[in-house]
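Right, I'll just put the structure down here and ask away after.
The values are calculated or read from the model by the stated rules, or taken from the named source; none is laboratory data. Remember, predicted model here, so these are calculated numbers, not experimental data. Cβ sites come from the backbone with ideal geometry, for glycine too, and all protein chains shown count toward neighbours. For the accessible areas, the whole protein counts, side chains as well, though only heavy atoms, and no ligand, DNA or RNA atoms are used. Shrake-Rupley method; radii C 1.70, N 1.55, O 1.52, S 1.80 Å.
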Amino acid sequence: MINQNTPSHFMVTERGVRKPGRHGPHSMAFPCMMSALKVYMGLEQRHCLVHAHNVDWINDLDYHFHMGVSTEGFGLRYHFGTDVLLTGRWGIQPLTDCMEAEGFDFHLVMYNNADSKPAIAQDAAAHLSKDLPILVFDNAGNCHLGIGYQDSGNILIRSSNASGVKLLKNAKADAGWLDKISGVVFIDGVKAPAAKNGIVINALKRAAEMLTETETVQSEYGYGKHMWEKWITRLEDDSHYRAKSNKMKYISPEKFDLAERRCYAHDFFADAENCLGEGILQTARSAFMQIHDKMWDVHRLTTGNNEGKALERETRDKIITILRECQSLDLKAAENIRQVLAAQQ
């Protein structure tokens, strides 16, 4: 039965806006939405300025932190909703750690095709009308910040442009959200953030597991040995590169997806050092930044004067050599992380 006290439409109060200026990429959905959630709820934003590619950028340190805690910084083409929540490898601990670090009370509800759409819409509307947002996961791995609704919850007002300055201004009405939903995080309130030491240690344990994983991971790429082998195998298959339209196949968006994840996980390591000891993750930080830089080497091999060169096996062999170097750097970072974890016992 529909709650007669729930209004037919409602917008959650926008309590804060993002610092104006040129922001770095926010391509990974869940860490991006954790940062957006903090902004929308008016919590303190952590950021710094950095000069790169001849541009001054605003670096979103909250986004970087959640890249590490959520596990997203250690995979490739990897999504929190499908590769963490649905697989259940760590239960909901990564989600709990992200929420506790920022001081959010929450509860998670996962849905399947048998769940009633009217009931889901009603639950979302009842929650949002309390002036509290939600995080919505769809079955493609996307994550959105739900900040309002229309038509008694059948239409969700959501923000996906979390790098924009005004989240409310960039919000969109999504009439099909119930057709693709996999889960909802209901934000129940704000409290004092938890101490980060334990959260950081949990995240480093997950990172070490992921970087050294040798089993097959059921994901587009996933993480560990499977991730690298799948990418290299795709590049080795000449049948993928017979048409000019395939000149960037398995190179883009992979190259910049990995570059962003490892670059921002590098910054998560800096956060971890603030908790556990200055300089103790320097080897891991260096390894991850080298991976970032090597993805730019891949970019240069396939763009500009080299556009279309990936169709040639010789170029792809050069890329494969770079990927094997990056795989070794992942393992080097993992060894440093394990040393740090052993010292904390």
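Between region 70-100 and region 101-122, what is the C-alpha centre distance in whole Å?
17
Using only Cα atoms, tell me the angle between helix 93-102 and the longest principal axis of the chain; keep it within 0 to 90° and round to the nearest 10.
70
Run the numbers for E278 and N113: contour at 0.36 nm per residue of separation, minus the present Cα-Cα distance, in nm.
Fully extending the segment from E278 to N113 adds 54.6 nm.
Taking 7 Å along the Cα-to-C-beta vector as the label spot, tell me the E335-T321 distance in nanometres, rounded to one decimal.
With each label placed 7 Å out from Cα toward Cβ, I get 2.3 nm.
Once both axes come from the Cα atoms, what is the angle between helix 282-302 and the longest principal axis of the chain, in degrees from 0 to 90, rounded to 10?
80
Right, another one. Find how many whole Å separate the alpha carbon centroid of region 198-228 from the alpha carbon centroid of region 33-63.
Region 33-63 and region 198-228 have Cα centres spaced 26 Å from each other.
Next up: With a 1.4 Å probe and all protein chains in place, put C32, C263 in order of accessible area, largest first.
Heavy-atom accessible area, descending, gives C263, C32.
I've got another one for you. Using a ≥ b ≥ c from the Cα gyration tensor of region 69-207 (square roots of the eigenvalues), is it rounded, prolate or oblate, where a/c under 1.5 gives rounded and otherwise the larger of a/b and b/c decides, a/b for prolate? Working shown, then result.
Values: a/c = 1.71, a/b = 1.47, b/c = 1.17.
The shape class here is prolate.
Here's a follow-up. May I ask you to give the solvent-accessible area per residue for the chain, in square angstrom, as obtained with a 1.4 angstrom probe?
44
Need one value: the accessible area of T82 in square angstrom, 1.4 angstrom probe, rounded to the nearest 10.
Approximately 30 Å² of T82 is accessible to the 1.4 Å probe.
While we're on this one: So how exposed is M41, as accessible area in Å² (1.4 Å probe, rounded to 10)?
20
In Å and from the alpha-carbon atoms only, list the Rg and Dmax of region 137-211.
My reading of the Cα-based Rg and Dmax gives 16.3, 46 Å.
A follow-up question, please. Evaluate E = 1/(1 + (r/R0)^6) for C48 and D293, where r is the Cβ-Cβ distance and R0 equals 25 Å; express this FRET efficiency to the nearest 0.05.
0.80
On to the next question. Just from its helices, what would the mean residue ellipticity at 222 nm be for the chain, if runs of 4 or more DSSP H residues each count -39500 (n - 2.57) and the sum is divided by every residue, rounded to the nearest 500 deg cm²/dmol? Don't skip to the end; give the middle numbers.
Working: 9 runs with 148 residues, N = 345.
Here the helix-only value at 222 nm equals -14500 deg cm²/dmol.
In terms of solvent-accessible area of protein heavy atoms at a 1.4 angstrom probe, what is the ranking of I181, I337, highest value first? Don't jump to the answer; show the numbers that get you there.
Numbers: I181 20, I337 0 Å².
Listed by decreasing accessible area, they come as I181, I337.
Follow-up question, since we're still on this one. Given 25 °C and 0.890 mPa s, compute D for region 14-69 with the Stokes-Einstein relation, Rh being the Kirkwood radius over Cα pairs; round to the nearest whole µm²/s.
For these conditions, the coefficient is 212 µm²/s.
If you don't mind, there's one more thing I want to ask. Per the 1.4 Å probe, what fraction of the accessible area of the chain, in percent, lies on carbon and sulfur atoms?
Answer for the chain: carbon and sulfur cover 48 percent of the accessible area.
Determine, from the Cβ-Cβ distance of E307 and A173 and an R0 of 25 Å, the FRET efficiency 1/(1 + (r/R0)^6), rounded to the nearest 0.05.
Result of the calculation: an efficiency of 0.05.
Using a Förster distance of 41 angstrom, determine the FRET efficiency expected from the C-beta separation of D237 and K180, and round it to 0.05.
Computed FRET efficiency for D237 and K180 comes out at 0.85.
I've got another one for you. Helix 313-344: angle to the longest alpha-carbon principal axis of the chain, degrees 0 to 90, nearest 10?
60
Once the convex hull of the C-alpha atoms of the chain is built, how many Å³ does it hold per residue, rounded to a whole number?
Convex hull volume per residue, Cα atoms: 145 Å³.
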